[in-house]
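A short write-up of the structure that comes next.
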Amino acid sequence: MRKLKNFGAYVILTIVSLISVFPLYWMIAASTNNSTDILGGRLIFGTHLMKNLEKLLAEQNVGRAFLNSLFYSCILSLLSLIVCSIAGYGFEIYHDRAKDRLMSVLLLAMMVPFAATLIPLFKLFTGMHLQSTWIAYVLPTISTPFLIMLFRQSARSFPLEIIEAARIDGLSELRIFATIFVPTMKSTYAAAMTVTFMNAWNNYLWPKVIMMSGTSQTMPMLVANLSVGYSIDYGVLMLGVLICSLPTGILFLILQRSFANGIVGAVKG
């Protein structure tokens, strides 16, 4: 009876896995076909990959957009990890009621949609003449309540005795954070890195508004350009989507174990 239950569970999991993987397979297969085959429902690989790639490179500056997205995402991820980890560490290690109230306000800010702050942010950055710069791309999301909460929850499992011993030995607060706390929270940093990089890479609305020059175009903006017009080449479009999806997919595959450990550790903390 137990073997029968396990067999049924494996069958269900296999079916669910195939359903989950199918969109990814279809995207890869569609990038090798032309529009006629895609609209006709062709689900196998074709022979138009190089033609689609040549047309994509001829119509769009893929290299520039890819490097822009990579640069913006890496800068935003690095600065977010620094700022949010210090904030989360401070909220927990230097704990008091005032910080609890401030944390509650930050969590309430998660309920405010980004579109509601779009116009004030646009006026602010254009007033400072920062449009089409990496600073304008990074600053609005350099610190998020989610990441601060993630690091704060992880800091709850950090032994305070170690910090007290380090203070007695004469270590400064910054050195305690950098040499003791950071190395022990590698999985949390990996989880935060994955979330931040994916959000930064896939961000479309804010870059579309603030990045006004053609040289500051990002990959999501490039993919959106492929889907406009009277005649859409779906093979080229799916190839653009595939190229846009590769960095986040590779990053998640590399950090998936650390990502899971970091999220579980934060929940337990």
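Every number in this text was worked out from the coordinates using simple rules, so none of it is lab data. Computed from a predicted structure; not experimentally measured. Virtual Cβ from ideal backbone geometry, glycine too; neighbours counted across all protein chains shown.
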In which sequence would Leu57, Leu76, Leu81 go, from the one with the fewest C-beta neighbours within 10 Å to the one with the most? Leu57, Leu81, Leu76
Amide H of Thr32: which non-local residues (sequence gap of 5 or more, or other chain) have their own amide H closer than 5 Å, using H built in the peptide plane? Gly46
Among Glu54, Glu92, what is the fewest-to-most ranking by other Cβ atoms within 10 Å? Glu54, Glu92
Dipole of the chain, Cα-centred, from +1 at each Lys and Arg C-beta and -1 at each Asp and Glu C-beta, to the nearest 20 debye? 560
Could you work out the mean projected area of the convex hull around the alpha carbons of region 104-151, in square nanometres to one decimal? 3.8
Taking the Cβ of each residue in Tyr94, Tyr72 as the centre, tally the other Cβ atoms inside 10 Å and list the residues starting with the fewest. Tyr94, Tyr72
Averaged across orientations, what area in nm² does the convex hull of the alpha carbons in the chain project? 20.8
Contact order normalised by residue count of region 62-268, Cα under 8 Å, 6+ apart, percent: 35
When the charge dipole of the chain is computed with +1 on Lys and Arg Cβ and -1 on Asp and Glu Cβ about the Cα centre, the Cα farthest towards its positive end, among Phe71, Leu205, Leu102, belongs to Leu102
Taking placed amide H atoms and a strict 5 Å upper bound, the residues 5 or more places from Ser132 or on another chain that come that close are Met211, Met212
Whole Å is fine, so just give me how far the alpha carbon centre of region 120-147 lies from that of region 177-218. 14
For region 202-207, what does the Karplus curve 6.51 cos²θ - 1.76 cosθ + 1.60, with θ = phi - 60°, yield as ³J(HN,Hα) per residue in whole Hz, taken in order and with x for Gly and Pro? 8, 5, 10, 5, 5, x
